[in-house]
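S.K.: My questions will all concern the structure given below.
Quick note: the coordinates plus some simple rules give every number you see, no bench work behind them. Just so it is clear, the model here is predicted, and its values are computed rather than measured. Heads up, the Cβs are rebuilt from the backbone with ideal geometry, glycines too, and the neighbour counts pull from every protein chain shown.
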Amino acid sequence: MSNGNIVQCIGAVVDIQFPSEQMPRVYDALVLEESNEASFAEKGLTFEVQQLLGDGVVRTIALGSSDGLRRGMKV
């Protein structure tokens, strides 16, 4: 599966954008990449896809603390 980028984060609800031809399916699990920019976020944070919004964007629910998440982080 390809990498996506966080485009919006409102509490536990996180929107993530992927290339249109490589979008995950509903109920797929996504994991936050470990990198220097993710140092303030929970390590290995998992997201569950809840809705396909279109234009390559999926709406997910963070299955842990969303503290430290910001736009542009890779999933």
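S.K.: In the chain, which chymotrypsin sites (Phe, Trp or Tyr not before Pro) are in a loop and have at most 15 other Cβ atoms within 10 Å, using DSSP for the loop call? Could the numbers behind the result be given before it?
M.R.: Details: sites: 27, 40, 47; in loops: 27, 40.
Loop-located and lightly packed - 27, 40.
S.K.: What's the center-to-center distance, using Cα atoms, between the stretch 52-75 and the stretch 1-21 in Å?
M.R.: Their Cα centres are 4 Å away from one another.
S.K.: Pull out a ≥ b ≥ c, the square roots of the eigenvalues of the alpha-carbon gyration tensor of the chain, then state rounded if a/c is under 1.5, prolate if not and a/b is larger than b/c, and oblate in the remaining case. Let's see the in-between values first.
M.R.: Working: a/c = 1.71, a/b = 1.47, b/c = 1.16.
Cα axes put the chain in the prolate bin.
S.K.: Tally Lys and Arg at +1 and Asp and Glu at -1 over the other residues with C-beta under 10 Å from the C-beta of residue 64: what net charge comes out? Write down the numbers at each step before the final one.
M.R.: Details: positive: 43; negative: 42, 67.
With Lys, Arg at +1 and Asp, Glu at -1, the net is -1.
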